[in-house]
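Reading through the structure tokens given below for one structure.
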Amino acid sequence: MAHKTASRFEFSMARNTAVIVCDRVRQGHPILYVAHDEGGDWQFLCGGQHDEGSGDGGSIGCLECVVADDPSLNDLADLCEDWSAERDQAGAAWRRHDHSEDFINETVKSHGWVVQLIREEGDLPAFAYTIGLHRTFGGPELIVVGLRTEVMHGMLNDCGERMRAGETLPVGTPFSGVLEDYDVLLRPVTSPESYREYVGYGLWFYGGPNFPLLQLVWPDKEGRFPGQEGANPFMKTQQPLLP
């Protein structure tokens, strides 16, 4: 099949990016459902059911060729990962959907809370925070900054299990059992700017900053917390204390 050139191409990835196209679209059906998967892959589908064994599945296509056939897809060039968009017919307005919201609601309902992991980006260190602890147990939501995501995930889940068991975590007093060989410390986060910058899905879940938030602070290798005399200076950038 000959390559097609799109007169308008607003996607940030390469024009020859491989995408999944359903067979019905290749046969001329309009694209009514677009998915940008969590791993970054794109799917351009007819929006109908594809029964197993029907022979009308999908195949690999070229992003620019798909956009050349339907320039309106440029309206979805900024579609985030783990989002989808659908429309009722060609030329109609797209309706976007964040699948992370589904996952959060389902996990909080089944488990009590969910841990949102955010990868390091630019000068902003990786961080992780809980969603659901306040609704399920009446306790605060928690955030930890600057460690490996798997370590932060474990720390927050450990605190969640303590709340499930009825324990009230101390604020301002070091306690053990969350980070191997080290104490940790909880401190309040109250700035609206910190809420906006760090816990966006928490704001969505609660309909605003209607929940207490505590930062779970970890020490340097000598056991000193940020701000303490003699604490390692790298802590100021690796683990900023949120106002």
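The values are calculated or read from the model by the stated rules, or taken from the named source; none is laboratory data. Predicted model, so just to flag it, every value in this text is computed and none were measured. When we count neighbours, we look across all protein chains shown, and the Cβ atoms used for this are built from the backbone with ideal geometry, even at glycine.
General remarks:
- Pairing each residue of the range 104-131 that is on the phi > 0 side of the Ramachandran plot with any residue that is of a type in the set (V, I, T), provided the two are 6+ apart or on different chains, yields C-beta distances under 8 Å for G112/T136.
- Every residue from the range 202-243 that is in contact (Cβ under 8 Å) with a residue 24 or more places away in the chain, assigned to a helix (DSSP H, G or I) and either in contact with a His (Cβ under 8 Å, 6 or more places away or on another chain) or among the basic types (K, R) (or both): Y206
- Here E167 fulfils each of the conditions (1) touching a residue at least 40 places away in the same chain (Cβ under 8 Å); (2) surrounded by fewer than 17 Cβ atoms within 10 Å (Cβ to Cβ); (3) outside the structural domain of N74 (by TED's automatic domain parsing); (4) over 15 Å from the mean Cα position of the chain (by Cα) apart from (1).
- Taken together, D69, D82, D123, D75 contain a single residue that is outside the structural domain of Y206 (by TED's automatic domain parsing), surrounded by fewer than 16 Cβ atoms within 10 Å (Cβ to Cβ), acidic (D, E) and closer than 29 Å to F11 by Cα, which is D75.
- Within the set V184, V199, the sole residue that is over 25 Å from the mean Cα position of the chain (by Cα), assigned by TED's automatic domain parsing to the domain that holds P140 and touching a residue at least 24 places away in the same chain (Cβ under 8 Å) turns out to be V184.
- Of all residues in the range 110-142, those that are in contact with a helix residue (DSSP H, G or I) (Cβ under 6 Å, 6 or more places away or on another chain), part of a strand (DSSP E or B) and within 23 Å of Y182 (Cα to Cα) total 6.
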